[in-house]
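Here's the structure, in structure tokens; my notes come after.
The values are calculated or read from the model by the stated rules, or taken from the named source; none is laboratory data. From a predicted model like this one, the values you see are computed outputs, not experimental measurements. Here the Cβ positions follow ideal geometry from the backbone for every residue, glycine too, while neighbour counts run over all protein chains shown. The area values use the complete protein model at the heavy-atom level, side chains included, leaving out ligands, DNA and RNA. Shrake-Rupley method; radii C 1.70, N 1.55, O 1.52, S 1.80 Å.
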Amino acid sequence: VQLQASGGGLVQAGGSLRLFCAASGRTFSSYTVGWFRQAPGKEREFVSAISWSGSRPYYADSVKGRFTISRDNAKSTVYLQMNSLIPEDTAVYYCAAMKYYTGNYVDESSYNFWGQGTQVTVSS
């Protein structure tokens, strides 16, 4: 599976962006997909994840209520709708796919495939 993250950009605080994670490979629909982010000088951190069916979304506390994850398996794409953005959301955002669900969607070592990242910058 190859992943391509896109949709990042520069936005003012309070604004919105929608990130896309497009995948190649017919088995993508069976994978749990997660979003992680890494701010300058910080460790990469979990943001959100979604089960293969889309019925179970998971969020970090820092984005709960502001971000929404969804997926369209017919299009092999996972979306991250980001609303009410704040400067602390500034980071490179990565999508990742988990081939076999480990029960730990927060740990990046659970994920087998990674996209190249897309920059999100929120100005104050």
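Restricting attention to the stretch 43-62, which residues are polar (S, T, N, Q) and modelled with pLDDT of 95 or more?
Result: SER48, SER62.
Can you pull out every residue in the stretch 85-118 that is open to solvent by 30 Å² or more (accessible area, probe 1.4 Å), farther than 19 Å from PHE67 by Cβ and part of a helix (DSSP H, G or I)?
Within the stretch 85-118, just SER109 meets the criteria.
When you scan the stretch 1-42, how many residues do you find that are part of a loop (DSSP other than H, G, I, E, B), open to solvent by less than 40 Å² (accessible area, probe 1.4 Å) and at pLDDT 95 or above?
4
Can you name the residue in the stretch 43-64 that is touching a residue at least 12 places away in the same chain (Cβ under 8 Å), open to solvent by 40 Å² or more (accessible area, probe 1.4 Å) and not hydroxyl-bearing (Ser, Thr, Tyr) and, of all such residues, is farthest from THR102 (Cα to Cα)?
By that ranking, first place goes to ARG44.
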